Amino acid sequence: MLIYKIFRAPEWAELVKMGETPGAPVDVADGYVHFSTAKQVAETVTKHFADEDNLMLLALEADTLGDALRWEPSRGGALFPHLYRALRTADVLWSKALPLTDNKHVFPEGVE
């Protein structure tokens, strides 16, 4: 199952440069890297990244993250994937721009 991480351009650049990251500021504050499923990611973008441009959408295979990935209740009691270790570039299957067009983020085909 694919799970998704949204990064701002500087956060993505830091991951590429360093090879791993503890995540965005909210991830560091919470002690884990926040992810969303395909069904959750659009709401995540709307709730936390509205009107932000220069976002990157990262896809990861949940099954390859082992015991460091936990599914925990969050928004509305839904289970969200949380990674309890640094996110590594090797974890990322693909990354794509998440452009803001007419005040709406445009997702790659097959996501959302």
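The numbers here are math on the coordinates, done by the rules we state, and not lab data. Note that the structure is predicted; figures quoted are calculated from it, not measured. Counting neighbours? That spans all protein chains shown, and the Cβs are built from the backbone with ideal geometry, glycine included.
Here the residues Val33, Val16, ranked from fewest to most Cβ neighbours within 10 Å of their Cβ, fall in the order Val16, Val33. For the pair Asp67 and Thr89 in one chain, pulling the backbone fully straight at 0.36 nm per residue adds 6.1 nm over the alpha carbon distance. Among the trypsin sites (Lys or Arg not before Pro) within the range 1-55, those in coil by DSSP and having at most 11 neighbouring Cβ atoms inside 10 Å are Lys39. For the range 1-62, the spread of Cα coordinates along the three principal axes comes to 30, 28, 20 Å, biggest extent given first. Across the range 66-112, Cα-Cα pairs farther apart than 12 Å form 75% of the total.
Can you compute log10 of I(q)/I(0) for the chain with the Debye formula, treating each Cα as one identical point scatterer, at q = 0.17, 0.22 Å⁻¹? Log10 of I(q)/I(0), two decimals: -0.78, -1.38. Placing dummy labels 7 Å off each Cα toward the beta-carbon, the span from Glu109 to Asn54 is 2.9 nm.
Largest GNM mean-square fluctuation across Pro99, Pro73, Pro22, computed for the chain with C-alpha springs under 10 Å, falls on Pro73.
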